[in-house]
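In what follows, a single structure is set out as structure tokens and then discussed.
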Amino acid sequence: MKLLFFLFSSLFMFGCSSGISVSLPEKFEDTPEDTAGYLTGSLSATTHGPSSGEGLVTTLYIRQSGDNEIITLVNKNDDYDFNTGFMRGQLFSIALPPGKYELFCIGFKGDNGNKSIISKSREDLGLEFTISPGNVTYIGQFITSSLVAKSTLWNQEYPSGYGIITYNEANERDKALFYERHPDLTGFSFDYQKLAERDSQVVSAKSN
């Protein structure tokens, strides 16, 4: 797998996103422009403590149905495309070949004050969506927060180093950001494919 950073570019294969990197199987790099579709959405983090998600590195694990090669989207909260005061985040956009895909796992890397922690959700989330030629598939907004622990010594709450994702949508905001970033794709339809119920949550389940 080749690590590609989203920098502003006129290349069709990769979108622009500050603060997000993508690892994409090489076979997807040569997708013909006239058959590709776009995947887009946003990765955000809460900014209010002690459950602030800004200290967590969040990874979305995606694969094409029936394929074991993995696409990863990693949000390190280094920069942001929008800031509400309680949350800030980045838009991601990737050109992919048509077909059925699934978000099958979410991972977190954090710190509980004593050690680094790598944790994940279960690996069978099965949140499916479809990429179609000449179409933008919007899969919603993923908001990272830290699970909170309480110090027995100081009786204070602090980020545990484990993560939780809250899923919802910000369709109008993200649609405007997408077309601002890709003015040459304004003819593409913007298709919101809901992966789960609004405000559904996925919690990291284990430490590696």
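The values are calculated or read from the model by the stated rules, or taken from the named source; none is laboratory data. Not measured: the values here are computed from a predicted model. We place every Cβ from the backbone using ideal geometry, glycine too, and count neighbours over all the protein chains shown. Side chains are part of the model used for accessible areas, which takes the heavy atoms of the whole protein and leaves out ligands, DNA and RNA. Shrake-Rupley method; radii C 1.70, N 1.55, O 1.52, S 1.80 Å.
Quick notes on this structure:
- Straight-line cross-link partners of Lys76 among the aspartates and glutamates, defined as a Cα under 17 Å from its Cα and at least 8 positions apart when in the same chain: Glu54, Asp111.
- MRE, 222 nm, helices only [DSSP H, n ≥ 4, -39500 (n - 2.57), over the chain, to nearest 500]: -1500 deg cm²/dmol
- Share, in percent, of DSSP beta bridges within the chain that are antiparallel, nearest 5: 85
- Over 23 Å (Cα to Cα) - which of Lys109/Lys150; Lys150/Lys194; Lys100/Lys194 fall in this group: Lys150/Lys194
- Along the range 146-158 the Karplus relation, 6.51 cos²θ - 1.76 cosθ + 1.60 evaluated at θ = phi - 60°, assigns HN-Hα couplings of 8, 5, 9, 10, 10, 6, 6, 7, 9, 6, 10, 8, 8 Hz to successive residues, with x for each Gly and Pro.
- Under the Karplus curve 6.51 cos²θ - 1.76 cosθ + 1.60, θ = phi - 60°, whole-Hz ³J(HN,Hα) for the range 86-101, x wherever Gly or Pro sits: 10, 7, 9, x, 10, 8, 10, 8, 9, 8, 9, x, x, x, 9, 10
- Between Asn68 and Gln201, the FRET efficiency from the beta-carbon distance, with R0 = 41 Å, is close to 0.90.
- Within the shell defined by Cβ-Cβ distances under 11 Å, the residues around Asn171 carry a net charge of -1, with Lys and Arg each +1 and Asp and Glu each -1.
- Crossing angle, helix 171-181 versus the chain [Cα axis fit, 0-90 degrees, rounded to tens]: 60
- Summed residue charge, Cβ within 14 Å of Leu56's Cβ, Lys/Arg positive, Asp/Glu negative: +1
- Annotation: per residue accessible area for the range 168-208 equals 63 Å², rounded to a whole number [probe 1.4 Å, protein chains only].
- Under Karplus coefficients 6.51, -1.76 and 1.60, residue-wise ³J(HN,Hα) of the range 195-202 in Hz, glycine/proline x: 8, 7, 5, 4, 6, 5, 10, 10
- Under-5 Å amide H pairs with Asn112, H placed in peptide plane, nonlocal only: Ile117
- Square roots of five times the Cα gyration tensor eigenvalues for the range 56-203, Å: 30, 18, 13
- In this structure, Asn155 and Leu125 have a Cβ-Cβ separation that, at R0 = 30 Å, corresponds to a calculated FRET efficiency of about 0.25.
- The portion of the accessible surface of the chain made up by carbon and sulfur, rounded to a whole percent, is 49 (1.4 Å probe; DNA, RNA and ligands excluded).
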